[in-house]
Every structure is written in C-alpha cells, then in structure tokens.
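I have placed the structure first, in the form of structure tokens, so that the comments after it can refer back to it.
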Amino acid sequence: MRKRAWNRWQPTCLQEAVEGCLGYALDKHRRSVDQVADLVGESKWTLYKWVQAGGIPARKIAGFELACGVHYVTRYLAASSGKLLVDVPTGRRAAPSDIAALQASCAAAVSALIEFSAGRANAADTHAALTAAMTALASERAHVERHDQPELDLA
C-alpha cells in the first residue's frame, strides 16, 4: 500500500476531511480512533458517526484537529468558501529544502493542469494540486513580507 502524500492532499468533502484527519493521526502520530476519541472527549462511536454522516459539530473542530495533528476540516471549510489558508508567517529565511518543496509543488500543479487540459486527469486531483501550490506560494510570500520583523524561534 502506497503512503499518502499528506502535505499535498486536499479533501474534497467534509466526510473526506474527517477521514483524512483520522488517517493522518494514525499514519503520522500512531493514534487510533480510540485514542483520538479520548483526546477529544467523545466516544469512538461518535467519531465514526461524524465520518459516516460527513459532519462534525463546529465547537468540536478545533479539539478534533488538535488531537489528529492536522487541519483538514478547517482547510476544507475554507476551500469550500473560496478561501485559501496560509500558516501565520514567522519571517524566517527559507531553507533550500523549503525552496525545493515549493518548486516541486509548482511543477506538480502545472503538470496536473496540463494533464487536465489534455483530458487525462480529473478535476478533483487538479484542484488539489493547484490549491497546494497556491498555498505554498502564499506562505512563502507571507514569510518574505515578515522578514524584516521576524519572530523568535523558540521551538
């Protein structure tokens, strides 16, 4: 089974976003549904209900995403409203690996767009690749804007 590229994956519906959060928690943090449910303060059956119904109470989104370690529900809600999310910039200088990842993201987006134009790719995959590239570019743009006033690197 091929591992999912979590940093480029974009949910296309709320149900997929909830499933993606749980998948990420299992894959990256080794947290089962039971463990995530304990952290959220719900039963595992409630989490399964959220996945099945494709819904989650708004007051539970932040805790659920914190327990999973990823913000796919928030990202989906923003994207469904035509908005793009960018992490708060720290003003740090980009590392060569950041630039390489940005270039790979842009290349993947252009490639997906070419494949879509030729009729060899679907709209959902193309949309995800374009959104990932736009988010990466917007994030680096924000870092450049904040470069003159960097925050302390306490982490």
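Under the convention that each Lys and Arg Cβ holds +1 and each Asp and Glu Cβ holds -1, the size of the dipole of segment 1-83 around its Cα centre is about 280 debye.
Test of understanding: ordering Ser139, Ser117 by Cβ neighbours within 10 Å, fewest first, what list do you get? Walk me through the intermediate numbers first.
On the way: Ser139 19, Ser117 10.
Ascending Cβ contact count within 10 Å gives the list Ser117, Ser139.
Under a Gaussian network description of the chain, with springs only between Cα atoms under 10 Å, the residue in Ser81, Ser105, Ser43 that fluctuates furthest is Ser81. Residues Val70, Val18, Val110, Val40 in ascending order of nearby Cβ atoms (within 10 Å, fewest first): Val110, Val40, Val70, Val18. Taking the longest Cα principal axis of the chain as reference, the axis of helix 14-29 is set at about 80 degrees. Annotation: Cα Rg of segment 1-61 relative to the compact-globule expectation 2.2 N^0.38 Å equals 1.11.
Applying a 4.7 Å cutoff between beta carbons, the unpaired cysteines of the chain are Cys13, Cys106. Computed over neighbours whose Cβ is under 15 Å from that of His71, the net charge equals +1, Lys and Arg +1, Asp and Glu -1.
Residues Cys68, Cys106, Cys21, ranked from the fewest to the most other C-beta atoms within 10 Å, line up as Cys106, Cys68, Cys21.
Eight or more residues apart or on different chains, and alpha-carbon atoms under 25 Å: count the Lys pairs in segment 1-98 matching that.
Numbers: Lys3/Lys28; Lys3/Lys44; Lys28/Lys44; Lys28/Lys49; Lys28/Lys60; Lys44/Lys60; Lys49/Lys60; Lys60/Lys83.
The result is 8.
When you restrict to C-alpha pairs under 8 Å that are six or more residues apart and normalise by the size of the chain, the relative contact order lands at 27 percent. Each principal axis of the Cα cloud of the chain was taken in turn, and the coordinate range along them, longest first, works out to 48, 44, 32 Å. The residues neighbouring Arg59, those whose beta-carbon lies less than 15 Å from its own, together hold a net charge of -1 under the Lys/Arg +1, Asp/Glu -1 convention. For the chain, the longest principal axis of the alpha carbon atoms and the long axis of helix 58-68 meet at an angle near 70°.
Computed from the coordinates by the stated procedures, all read-outs in this text should not be read as laboratory data. Because the structure is a prediction, the values reported are computed rather than measured. No Cβ is skipped: glycine too gets one built from the backbone with ideal geometry, and neighbour counts run over all protein chains shown.
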